[in-house]
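Q: Shown below is the structure under consideration.
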Amino acid sequence: MTESVSNHIEQLRKTINDHNHAYYVLDDPTITDIEYDRLLRELQQLEEQHPDLITPDSPTQRVGAKADSAFAEVEHLVPMLSLDNVFDEDELSQFARRINERLENDENRAIVCEPKLDGLAVSLLYEKGKLVQAATRGDGRIGENITQNVRTIKSVPLELRGNYPDKVEVRGEVFMTKASFESINEAARANDEKVFANPRNAAAGSLRQLDPAITAKRNLSIYVYSLGLADGVDLAGSHYDRLQQIKSWGLPICPEVKLKQGFTECLEYYHDILNRRDDLPYEIDGVVYKVDDIEDQEQLGFVARAPRWAIAHKFPAQEETTVLEKVDFQVGRTGAITPVARLQPVFVGGVTVSNATLHNMDEINRLDVHEGDTVIIRRAGDVIPQVMSVIKERRPKDAKAISMLTECPICQSPVEREEDQAIYRCTGGLFCQAQRKEAIKHFASRKAMNIDGLGDKLVEQMSEAKLITSIADLYRLTVEQLITLERMGEKSAENLINALEKSKQTTLAKFIYSLGIREVGEVTAQTLAVELNDIDTVKASSEQELVALPDIGPIVAKHIVAFFANEENNKVIADLIELGVNWPKVEKPSADEQPLLGKTIVLTGSFEAMSRNEAKDKLVALGAKVSGSVSAKTDLVIAGPGAGSKLKKAQELKIEVADEEQLIALLNNN
Ligand code: I6G
């Protein structure tokens with residue numbers, strides 16, 4: 001009996017380890033999360049019944065005992081070096097020249113390129129295939145023993161596979177994915193706990209926990225990038241091939257590792273990775289180039305504490321220090337008042353930044369930021385620059401605390417804070433010029449009435465010139481009026497009038513969305529259109545009737561009722577209809593006309609046969625809910641070329657992914 005249990009336990013461990021390997025090393029998951037958890041639970045239960053059969057390398061034994069005090073010191077068998085950096089093409093050419101001087105001149109030398117992850121360097125020591133020690137880099141000679149914490153990282157194999165060396169030490173970077181970082185900070189915010197400034201700090205903080213159970217919850221990852229020591233196996237003569245060897249032992253290698261010929265190709269690699277930086281699931285601060293030939297590496301040797309055969313090519317910093325000179329308050333479409341930091345201009349993330357968002361007063365209080373403070377700002381990708389923290393030591397004596405206005409800076413109406421909300425609002429509604437302007441911009445936008453050529457700047461211009469004060473005024477504009485605007489020729493004016501005319505033909509869902517009702521996004525607008533079929537029914541619905549509809553909660557219902565209780569809003573709607581805005585009558589489709597009812601679909605990347613918006617309209621017509629972000633509630637992600645973080649997230653969450661061909665088949669078959 002025990003023998004068969006023991007065999008079964010062994011089999012389960014092997015199966016679980018194989019799945020881990022397929023997921024973390026081969027990047028090719030073979031089962032769903034649920035099936036995986038089921039296997040792990042079965043193993044746990046068997047081990048609980050037979051504690052004598054538990055072994056330290058069982059996948060259930062990643063979390064060990066708490067450490068009592070600080071981490072013990074360990075001396076690295078081979079010193080852990082650092083890397084020199086270059087910041088531009090000139091410095092990279094000098095690096096290439098130094099190599100060509102020391103080795104035979106070769107313009108097409110093989111170079112291994114990989115992203116430089118923003119994490120922590122660690123070393124992993126395996127003896128007879130078992131993980132026996134993990135350490136931080138420390139000062140390069142002596143690090144800290146963090147074995148118990150590293151054991152909790154699921155992508156670190158507790159046991160190697162294949163033809164591994166008897167004793168082997170590998171180096172790599174422990175990091176936290178952007179998705180894990182977001183979810184950990186979200187949970188911290190919900191519990192009023194301290195949030196981490198960035199994924200690197202979160203990874204560092206998690207690795208230095210005395211309780212490995214906490215580290216285990218932090219969902220850290222690792223990519224291995226080099227070999228420290230290897231006894232008892234023939235090693236390849238090329239760095240790239242050695243990485244493949246390391247991979248064959250079951251250790252994860254970054255999927256972006258590429259072998260290139262010469263530094264021109266390296267530069268292309270740099271620009272490619274820089275372009276995709278925001279779509280990668282982890283943060284990076286540059287790329288690393290390494291001479292591929294191991295004999296060449298040996299000949300080049302080291303200078304001070306860095307190899308001469310490797311260099312990090314750093315990306316422009318995404319965080320910089322500057323002075324916050326002043327805080328202004330901006331009024332948005334729904335009256336929300338947002339504090340905006342006016343900064344001493346600073347070059348960050350590849351552009352000069354002079355404004356950053358401060359979100360709301362809670363954020364100002366959390367940061368304890370004053371006018372005059374020196375602040376750290378961050379600009380990553382296309383995201384609005386943010387104030388991350390304040391350097392309090394540099395606060396000048398005349399720094400000024402920031403308080404919320406009592407009156408709207410545009411219309412002087414009183415400013416109010418809703419109960420339990422972080423946001424202050426101008427109470428002026430459409431009396432407030434700022435809100436009117438924002439409402440018009442929203443109305444004209446692509447996903448709303450899609451008025452071609454009517455961008456934010458033109459709306460600003462027309463509002464300033466008092467040509468329009470409400471959305472309905474758009475349809476009263478004439479060519480004669482438009483040509484009075486600066487830089488507006490007759491042809492452009494005619495084009496705009498034609499675009500306005502064309503936009504009148506819309507759908508009920510788009511019309512509802514374009515009204516800019518608070519909390520009513522495209523999906524809610526679609527629900528209202530499909531469920532209630534005409535604008536008068538939407539207008540006449542009570543909160544009670546609205547919350548009975550799918551996915552409409554009490555807050556959204558309140559906003560909808562409040563919107564239609566306002567006579568001015570109803571007048572604008574009547575005017576729009578009178579001016580010719582129209583849509584085909586919506587019949588509630590029967591269930592068999594809506595085969596995708598209840599399905600949440602996300603579209604990402606680009607498509608050839610149709611635009612993303614067309615695809616969306618077709619899916620919505622079949623009953624699907626088309627959402628802009630991937631979550632556990634997503635049923636299907638349809639990814640075209642260029643798909644990035646959404647696709648990655650779908651893969652992480654093991655959500656079904658389809659391509660354009662499958663999308664077309666789905667549309668044709670339904
Ligand atoms: O700190 C490092 C990050 C990434 C490295 C490194 C690396 O390769 C991708 N490689 C070496 C050789 C060293 N530090 C010393």
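The values are calculated or read from the model by the stated rules, or taken from the named source; none is laboratory data. Being a predicted model, the structure only gives us computed values, none of them experimental. FYI the Cβ positions are ideal-geometry reconstructions off the backbone, even for glycines, and counts take in every protein chain you see. With ligands, DNA and RNA removed, areas are computed over all heavy atoms of the protein, side chains included. Shrake-Rupley method; radii C 1.70, N 1.55, O 1.52, S 1.80 Å.
Q: Compute the helix-to-body angle for 612-621: its Cα long axis versus the longest principal axis of the chain, expressed 0 to 90° and rounded to tens.
A: Helix 612-621 sits roughly 70 degrees off the main axis of the chain.
Q: Here's another thing I want to ask about it. Quick one: which residues, 5+ away or cross-chain, put their amide H under 5 Å from the amide H of L229? H built at 1.01 Å from N.
A: E169
Q: Binned at 10 Å from 0, what are the whole-percent values of the Cα-Cα distance distribution for the chain, short to long?
A: That works out to 3, 12, 18, 22, 19, 14, 9, 3, 0, 0, in percent per bin.
Q: Express the carbon and sulfur contribution to the solvent-accessible surface of the chain as a percent, rounded to the nearest whole number, probe 1.4 angstrom.
A: 48
Q: Using the crude model of +1 on Lys and Arg Cβ and -1 on Asp and Glu Cβ, and no other charge, please compute the dipole size for region 218-261 relative to its Cα centre, in debye to 20.
A: Dipole magnitude for region 218-261 comes out near 240 debye.
Q: Another question, then. Cα axis of helix 554-565 to longest principal axis of the chain: angle in degrees, 0 to 90, nearest 10?
A: 20
Q: Work out from phi, with θ = phi - 60° and the Karplus expression 6.51 cos²θ - 1.76 cosθ + 1.60, the ³J(HN,Hα) of each residue of region 466-473, listed in order in whole Hz, and give x for Gly and Pro.
A: Along region 466-473, the couplings run 6, 6, 9, 10, 9, 4, 5, 4 Hz.
Q: Here's something else I'd like to know. Please work out the average accessible area per residue across the chain, using the 1.4 Å probe convention, and give it in Å².
A: With the other protein chains kept in place, the chain gives 51 Å² per residue.
Q: Round to the nearest 10 and give me the degree value, 0 to 90, for the angle of helix 433-444's Cα axis relative to the longest principal axis of the chain.
A: Between the helix axis and the principal axis of the chain, the angle is about 80 degrees.
Q: Could you sort out which of K116/K392; K178/K217; K154/K194; K539/K633; K510/K558 sit more than 22 Å apart by Cα distance in this structure?
A: Over 22 Å apart, Cα to Cα: K116/K392; K154/K194; K539/K633.
Q: From the backbone phi of region 391-396, what are the Karplus-calculated ³J(HN,Hα) couplings (6.51 cos²θ - 1.76 cosθ + 1.60, θ = phi - 60°) in whole Hz, Gly and Pro given as x?
A: For region 391-396, the Karplus curve yields 8, 4, 4, 9, 5, x Hz.
Q: Sticking with this structure for a sec: Near the amide H of N85, under 5 Å away, which other amide H atoms are found, from residues 5 or more places off or on another chain, if H is placed in the peptide plane?
A: Here the answer is A312, since their amide H atoms fall under 5 Å of that of N85.
Q: Using just the helices of the chain, give the 222 nm mean residue ellipticity in deg cm²/dmol: DSSP H runs with n ≥ 4 each add -39,500 (n - 2.57), and the total is spread over all residues, rounded to 500.
A: Helices in the chain give a 222 nm mean residue ellipticity of -11000 deg cm²/dmol.
Q: So in the chain, which Cys have no other cysteine's beta-carbon sitting under 4.7 angstrom from theirs?
A: Within the chain, the cysteines lacking a partner Cβ under 4.7 Å are C113, C254, C266.
Q: So, counting K/R as plus one and D/E as minus one, what does the shell of residues with Cβ under 15 Å around N450 add up to?
A: Value of the local net charge: +2.
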